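Working notes, beginning with the structure itself.
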Amino acid sequence: MSSSEPPELPEEPSEVEYRRPAWVEPPADVVPGIVPVELILARTPQRAIGLTGIRAYPTGFGCTLHLRLREDIPGEQSTFGAFNMFGEGVDPAGEFADWYLRFGVGFADGRKATNLDHKRDLDEIPAPDPPTLWLVRWEGYDRLAWEVNVWVWGLPPPGPLAFVVEWPARGIPESRVEIDAGLVLEAAARAVPIWPDPPGR
Amino acid sequence: MSFFEPLPAPRPPSDYRVSAWARGPEGMVPGVVPVALLVARTSTHAVLIDGLLVYPTGFDFDLVVRRHPGQPRHHPDPRGWHELRLEVRFADGRSADNGPGRWPRPHRDKPPDPPWLYQSVSGPDGGHVWLWGLPPPGPLTFACRWPAEQIPPSQAELDAGLVLAAAARATSLWPDPGPS
């Protein structure tokens, strides 16, 4: 081989084995059980926050938040000044703290997960203790309506399961709606494996 | 004299509104269909319909792609995402799909005849879909195919009565007349 020939390059891997950790998304191989909850967590004459459609898995549950504005308000930010998709950019303890929409779930044993929890790295080791909260989908249509899909890693123990919101700058005080966690546990038990046979059989 | 110019005045509220046929009514919380549907399954992939949320004018759902945990995950190919074809069929024969076609232009064209399907998100894990129009009673069929991932034509049915019952449970957030 002459020295003028380029060195052989290592082959590019054609496949990627990487998977996101269990605490940021539902298990890939399960059809969830559904809890048909249709909740209004908070409502003022101008704004409302709803929560619907719990999708329960053996490892946790998802749901959809509905952020609604009744009409345009001058100065209202296009994102409602609420969540940041990546959990960054807003310092909830800083100057804009009151503009930050707080959302969280509370379990009967006192554990909770909120969007004020510190941002986690996907490769965090060891994995965080459940429950944790992760924003999966964030979609706005115009200035009046936003939908946010949330994933909660960890199933609640029996007892009340609380959904809590607070939005100081928007006139929404801490507001809480509770459901029976048994509904989520029963739905998780109804979840069905997509591929019932273990790999390799 | 300040180095920085004075801040511009806040822009007045935009008059832009998403058309009624492109999303659910913004003043409502939807009703929930209490099932998720497995539409297609191969040894490597599955396609689900999940998060069915219903308004009096239509319904939202997630088109979910799942990959078998035992299979290596390929480099996502953006060209392939858009080849996951979805068709929703009503019992009276009407249907809507996410195939390529001309989109109506808000505020200029008249609303499309329902059913009409708008996929707002498309990616390697599926997408998010709004379907304008409610089905008549009878079977509501979700059909898909995805040649790029070797998913053959597949379908699953849902009792449209579950969708209609959920539509009846959608809640108006501000039922009183708006502030004058």
Once Lys and Arg are counted +1 and Asp and Glu -1 for all other residues with Cβ under 12 Å from that of residue B:32, the total becomes -1
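Per-residue mean of other chain beta-carbon atoms within 10 angstrom of the beta-carbon, peptide B:53-65?
Mean partner shielding for this stretch: 2.
What does the structure give for B:21-33 when I average, per residue, the other chain Cβ atoms found within 10 Å of the residue Cβ?
Values: counts 0, 2, 6, 4, 3, 13, 7, 5, 13, 7, 4, 11, 3.
Mean partner-chain Cβ count within 10 Å for B:21-33: 6.
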Partner shielding of A:51-57, taken as the mean number of other chain Cβ atoms within 10 Å, equals 5
Here the residues of the stretch A:139-183 whose accessible area is at least 10 Å² smaller with all protein chains than in the chain alone (probe 1.4 Å) are A:139, A:141, A:142, A:143, A:144, A:145, A:147, A:149
Amide H proximity to residue B:173 below 5 Å, modelled H, separation 5+ or other chain, gives B:28, B:29
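Determine the sum of side-chain charges near residue B:139: Lys and Arg each +1, Asp and Glu each -1, restricted to other residues whose C-beta is under 11 angstrom from that of residue B:139.
-2
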Ordering B:123-134, B:28-39, A:162-173 by per-residue average of other C-beta atoms within 10 angstrom, highest first, gives B:28-39, B:123-134, A:162-173
Sorted on mean Cβ neighbours within 10 Å (highest first), peptides A:24-36, B:44-56 come out as B:44-56, A:24-36
Within the stretch A:109-160, DSSP-loop GluC sites (Glu not before Pro) with at most 15 other C-beta atoms within 10 Å are A:124
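Could you compute the net charge surrounding residue A:44? Neighbours are other residues with a C-beta less than 10 Å from the C-beta of residue A:44; K and R count +1, D and E count -1. Before the final figure, lay out the partial values.
Details: positive: A:43, A:47, A:70, A:170; negative: none.
Charge balance in the 10 Å sphere: +4.
The values are calculated or read from the model by the stated rules, or taken from the named source; none is laboratory data. Computed from a predicted model, the values in this text were never measured in an experiment. So basically every Cβ, Gly included, is an ideal-geometry build from the backbone, and we count neighbours across all protein chains shown. Protein only, heavy atoms only, side chains kept; ligands, DNA and RNA dropped before computing areas. Shrake-Rupley method; radii C 1.70, N 1.55, O 1.52, S 1.80 Å.
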